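The block underneath contains the structure these notes are about, expressed in structure tokens.
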Number of protein chains: 2
Amino acid sequence: MAATRFDVLGIGNAIVDVIARTDDAFLAKQKMRKGTMRLIDEAQAAGLYDAMGPAVEVSGGSAANTIVGAASLGARAAFIGKVKDDELGRVFAHDIRAAGVAFATPPASAGPSTARCYVLVTPDGERTMNTYLGAAQDLHPNDIDPDAIAAAQIIYLEGYLWDPPHAKEAFLKAAKIAHDADRDVALTLSDAFCVDRYRAEFLDLIRAGTIDLVFANERELHSLYETADFDTALDALRKDARLAVITRSERGCLIFESCENALASGPGSGLTVARRQTSGVGKTPRRSGIRASRL
Amino acid sequence: MAATRFDVLGIGNAIVDVIARTDDAFLAKQKMRKGTMRLIDEAQAAGLYDAMGPAVEVSGGSAANTIVGAASLGARAAFIGKVKDDELGRVFAHDIRAAGVAFATPPASAGPSTARCYVLVTPDGERTMNTYLGAAQDLHPNDIDPDAIAAAQIIYLEGYLWDPPHAKEAFLKAAKIAHDADRDVALTLSDAFCVDRYRAEFLDLIRAGTIDLVFANERELHSLYETADFDTALDALRKDARLAVITRSERGCLIFESCENALASGPGSGLTVARRQTSGVGKTPRRSGIRASRL
């Protein structure tokens, strides 16, 4: 195997979060379901922004946040995602690079503006997210840099990538390059509603071996196998997935490798397994209690 | 006197803060003086942004922050300041309106982008500020809405307005309209270096009665009268100013009205004077221990 330049390379929606405090009445009035993410179009984004309170802007995005977390732990990290050549796009590019992550995806010069996620935080600490995908929808296969992919030990993708129309082609291209270079491909299922939208495709990817490593929380796992029983869902995933990490909030996380594939001593198995109490927020390697020994 | 629509109307630089953590070594390398504000041009802004860490964007500006504070205390508040019609300009406009402040200054359609202040926060909590004035420099006298000024009990201006070339003309126009409508005009001296840049002009404004109410901290007061002795500076201000509020960090604040003007029972004197311990941060009415009884 050739030498790596990156321990991990993420591909995801490049998003700037617009975070404001709110209350339950506002969520009800806006017909939002607390604690979930929904997609909104440009007109909805404008209407919501008008209605919501003063906000703070922070670079976000599910996989991007995870990659920044990995970089903060010392990993050599890279990210691929699409912004527009506008002010928020420059904010995103600055922030991820300033965090030590290589980010070279060319920004879109035309089309919709950089993606924004309007995050409404209620007094109970729950985050309710409304995502305008904007320029993130324009992530195309030609944004996938084959050299960067082949130089990364693991590529890490978010389930949310299935929302923008061309991103899944970009993802499949990246997965093929990675496997041809003997690298591993990881997928986080993102959220239970995302799994609901793309269940069949995610299962196909996992069963076909396009995905080597699956990250999921309990709700996503239940959604994937359409069951309310954890053990049933877990047994199903054990049959389908080569390697999986299930985060369980206060119950820590569960990690397994498929017996059939018997990869305990093979490539990609260099993971230190640990159970820890987690805060149940986010999916960075630190929080989910897994840390790649090669990072 | 006609009825008011606003308890207070601020005029100031409309700025989005770009806030990042840093350390003393970074400040030294960038030749910054800790705890102060300096003006930077577009090239310096670009260089600094490249060098600094991941940041958070929050609407800011000295007078704008004060006006938002007044609105949060229940005041009917308005603000005049110049942004560009760009993303950060829309962020500023959203945030100040969402805080309940009337903001109707038309954004610039061309020229430099919305002003940004790069705020570097060291572990000791000190803020070191680098301001790129951008579109704020294009605040012109024709941005002053005479009806809004005449309908505000007090207009509140920041000393930093003397930095953009045309803003002082806008300020003088607003002060004349306010006085013709029998309203009061307040000025905050902003910072000791700002006073250093415009000492003669500030003294002229105060002595000529263009300013009815002066806000200053001790350092600004010392700078105004070029003395290290507080009592000497205070005596000088007592002679010059009609009404003044001096904030003194842990020693609370000092408020006086000029005896010569004998305005204790005249218009504009409806202020409840109080001495309180303050946190020494910011200059909102709450923190400085003064609260207009008509608010």
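The values are calculated or read from the model by the stated rules, or taken from the named source; none is laboratory data. Computed from a prediction, not measured in an experiment: that's the story for all the values here. Heads up, the Cβs are rebuilt from the backbone with ideal geometry, glycines too, and the neighbour counts pull from every protein chain shown. Quick note on the areas: whole protein, heavy atoms, side chains included, nothing else; ligands and nucleic acids left out. Shrake-Rupley method; radii C 1.70, N 1.55, O 1.52, S 1.80 Å.
The magnitude of the dipole of the protein assembly as shown, with charges of +1 and -1 set on the Cβ of Lys/Arg and Asp/Glu and taken from the Cα centre, is near 1120 debye.
Taking every DSSP helix (H) stretch of at least 4 residues in chain A, weighting each as -39,500 (n - 2.57) and dividing the sum by the residue count yields a mean residue ellipticity at 222 nm of -9500 deg cm²/dmol. Think of chain A as having a plus end and a minus end, set by charges on the Cβ of Lys, Arg, Asp and Glu; of A:Ile144, A:Met32, A:Ala3, A:Ala3 sits farthest toward the positive end of this dipole. Averaged over the residues of A:11-18, the number of partner chain Cβ atoms lying within 10 Å of the residue Cβ comes to 1.
About the Cα centre of chain B, how large is the charge dipole given +1 on each Lys and Arg Cβ and -1 on each Asp and Glu Cβ? Please answer in debye to the nearest 20. Using only the charged Cβ atoms, the result is roughly 660 debye.
Which residue fluctuates the most in chain A, going by a Gaussian network model with Cα springs under 10 Å, if the choices are A:Ala98, A:Ala135, A:Ala78? Taking springs between Cα atoms under 10 Å, the residue moving most is A:Ala98. Cα convex hull, the range A:1-132: 122 Å³ per residue, rounded to a whole number. The value for the range A:48-193 of Rg(Cα) / (2.2 N^0.38 Å) is 1.06. Sparse packing (at most 14 other Cβ atoms within 10 Å of the Cβ) combined with a DSSP loop state is found for the following trypsin sites (Lys or Arg not before Pro) in the range B:1-67: B:Lys31, B:Arg33, B:Lys34.
Going from the isolated chain to the complete set of protein chains, the range B:55-83 loses at least 50 Å² of heavy-atom accessible area (1.4 Å probe) at B:Glu57. Sorted from closest to farthest, the other copies place their B:Leu39 label points 4.8 nm away, with each point set 7 Å from Cα along Cα→Cβ. Across the range B:125-190, the volume of the C-alpha convex hull divided among the residues equals 100 Å³ per residue.
Pairwise Cα separations in the protein assembly as shown fall into 10 Å bins from 0 onward with the following percentages, short to long: 3, 16, 23, 21, 15, 11, 7, 3, 1, 0. In chain A, the sites counted are GluC sites (Glu not before Pro) in DSSP loop states with at most 13 other Cβ atoms within 10 Å, and the longest stretch holding none of them, exclusive of the sites, is A:1-125. In nanometres and ascending order, the distances from the A:Pro165 label point to those of the other copies are 4.8 (point 7 Å from Cα along Cα→Cβ). Here A:Ala200 yields copy-to-copy label distances, from shortest upward, of 8.1 nm, the label point defined as 7 Å from Cα along Cα to C-beta.
For chain B, the Kirkwood hydrodynamic radius from C-alpha pairs, put into Stokes-Einstein at 20 °C and a viscosity of 1.002 mPa s, yields a diffusion coefficient of 111 µm² per second. For the protein assembly as shown, the fraction of 1.4 Å probe accessible surface lying on carbon and sulfur atoms is 51 percent.
Counting only aspartates and glutamates at least 8 places from A:Lys176 when in the same chain, those with an alpha carbon closer than 14 Å to its own are A:Asp145, A:Asp147, A:Asp184, A:Asp212. Between chain B and chain A, the total buried accessible area stands at approximately 1600 Å², from heavy atoms with a 1.4 Å probe.
Solvent exposure of the range A:130-230, expressed per residue, is 35 Å² of accessible area, with all protein chains present and a 1.4 angstrom probe.
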